[in-house]
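The values are calculated or read from the model by the stated rules, or taken from the named source; none is laboratory data. Keep in mind that what you see is a predicted model, and the values were worked out from it rather than measured. Positions of Cβ are generated from backbone atoms using ideal geometry, with glycine treated the same way; all protein chains shown enter the neighbour counts. Ligands, DNA and RNA are excluded from the accessible area calculation, which covers all protein heavy atoms including side chains. Shrake-Rupley method; radii C 1.70, N 1.55, O 1.52, S 1.80 Å.
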Amino acid sequence: MTADYWPPKERLAQLPTPMHRLARFDQSLDARLWLKRDDLTGFVLSGNKVRKLEYVLAYAKRLGVTRIITCGGVQSNHCRATAFACAQLGLACHLVLRDTQGRNAGGNFLLDQMAGADCSIYSVKEYTGGLSKFMSHWAGINEAKGEVVLEVPTGASDGLGIWGYAAAAFELIEDFQREGIAPQVVACATGSGGTQAGLALGFALAGYEVDLVGYAVCDDAAYFDRKVAADIADWQRRNPDVCLQAPLRYRTVDAYVGAGYAKPGEADLALALEMARTEGVLLDPVYTGKAFHGFITDVQNGMAPNADVVFVHTGGGFGVFPYVGEFERQWSER
Ligand SMILES: *Cc1c(COP(=O)(O)O)cnc(C)c1O
């Protein structure tokens, strides 16, 4: 982190986050399992998005921006973190949201409104076809009122936001050195690709070689391989003079997407319950429950025999509340 290429950031996240072993849970595995606790980056700002927003919002402030417009599902963790980060920095916030039929109440959406964000909800069909049109529509309306607006992409995943996870890779390397481990695999959930792109970038900037695996929670591996490459290419365009010290190394596993985004399977929910009960760690149904289930299954199937492996817990805790019915069924069926 001493290199002088790091852009300025707003200090929003509680860093460094802890990394610790899951010694009860990993008894049944042929590997030593570590958890990087990015669910502990804050309370209202908790999860992975705040690391990206530290760089995005510092950039916004330098530009004299008065309002952020961003987008996601109604229960988006990214939108909730943006709404609260904007409130903390005195910026206005407008959220363009995709209807999540039947799960629009409570959870992150309640918090968005408490933080004073303007919210516009569109049907899945409208949103899929018209997102960029809606973003510029709301930007235009507010610019006409004299505001300076910055549009932030889904998940703050672009060549600016991924600085946050590049920095997290350096933090992880310090964690590995402190614990005296050289992990074979670092895994995370992948939803808009920025966390995976940033980690790949950071390890390459540091010259650290490790198998970085993103577990897709939607779309497919080909989509994310393209998206991660595009985010890193965008970063390279913005930072033409910064040299990588090792080749970029990342891959995506899409075998555990199941029924699709925000549609957890029974096994994802059961594993979330097991983690809560054996380790006191809260996984969410949309991202970390699904990704952790995929990762653990691969480890059980011999992905990294007798090695240290690390799962980056990207947060999402408020996302359990819209799934109260599914969780209640988990224990009533036991
Ligand atoms: C957004 C999100 C992810 C995915 O991160 P991306 O950088 O969008 O790929 C993973 N976990 C949680 C809890 C998230 O909110």
Notebook entry, point to check: From Gly73, Gly42, Gly106, which residue is closer than 21 Å to Tyr287 by Cα and open to solvent by less than 20 Å² (accessible area, probe 1.4 Å)?
Noted result: Gly73
Item checked: Tabulated pairs, segment 311-334, first loosely packed, with under 11 Cβ neighbours inside 10 Å, second part of a helix (DSSP H, G or I) and modelled with pLDDT of 95 or more, C-beta under 8 angstrom, 6+ apart or interchain -> Trp331/Leu273
Checklist line | Per-region count, segment 178-188, residues within 16 Å of the ligand (Cβ to nearest atom) and either out of contact with any helix residue (DSSP H, G or I) (no Cβ under 6 Å at 6 or more places or on another chain) or in a loop (DSSP other than H, G, I, E, B) (or both) | finding: 1
Next item on the list: Would you mind finding the one in Val148, Val152 that is at pLDDT 95 or above and closer than 17 Å to Ser76 by Cβ?
Entry: Val152
Notebook entry, point to check: Residue check, Arg32 against (1) basic (Lys, Arg); (2) outside any helix (DSSP H, G or I); (3) farther than 22 Å from Glu274 by Cβ, all met but one. Which one?
Noted result: (3)
Check: Of all the residues that make up segment 1-57, how many are touching a strand residue (DSSP E or B) at 6+ places or on another chain (Cβ under 8 Å), of a type in the set (D, E, K, R) and either free of Cβ contacts under 8 Å to residues at least 12 places away in the same chain or farther than 19 Å from Leu199 by Cα (or both)?
Finding: 3
Check: If a residue has to be more than 21 Å from Ala87 (Cα to Cα) and of a type in the set (D, E, K, R) to count, how many in segment 105-142 make the cut?
Finding: 3
Check: Based on what the data block shows, is Tyr223 within 14 Å of the ligand (Cβ to nearest atom), free of Cβ contacts under 8 Å to residues at least 40 places away in the same chain and open to solvent by 20 Å² or more (accessible area, probe 1.4 Å)?
Finding: yes
Check: Among the residues of segment 81-93, is any over 23 Å from Ala167 (Cα atoms), away from the ligand (no atom under 11 Å from the Cβ), open to solvent by 10 Å² or more (accessible area, probe 1.4 Å) and touching a Leu at 6+ places or on another chain (Cβ under 8 Å)?
Finding: yes
Margin query: Which condition from (1) surrounded by fewer than 17 Cβ atoms within 10 Å (Cβ to Cβ); (2) farther than 23 Å from Leu205 by Cα is the one that Ala3 breaks?
Written below: (2)
Next item on the list: Looking for whichever is within 16 Å of Lys36 (Cβ to Cβ) and open to solvent by 10 Å² or more (accessible area, probe 1.4 Å) here; the options are Ala187, Ala206. Which one fits?
Entry: Ala206
Checklist line | Single residue of Gly130, Gly161 found to be closer than 19 Å to Leu248 by Cβ and either open to solvent by less than 40 Å² (accessible area, probe 1.4 Å) or under 24 Å from the mean Cα position of the chain (by Cα) (or both) | finding: Gly161
Next item on the list: Name the one entry in Leu269, Leu244, Leu248 that is surrounded by 13 or more Cβ atoms within 10 Å (Cβ to Cβ) and touching a Pro at 6+ places or on another chain (Cβ under 7 Å).
Entry: Leu269
Margin query: Looking at Leu201, Leu172, can you tell me which residue is within 13 Å of the ligand (Cβ to nearest atom), of a type in the set (A, V, I, L, M, F, W, C) and in contact (Cβ under 8 Å) with a residue 24 or more places away in the chain?
Written below: Leu201
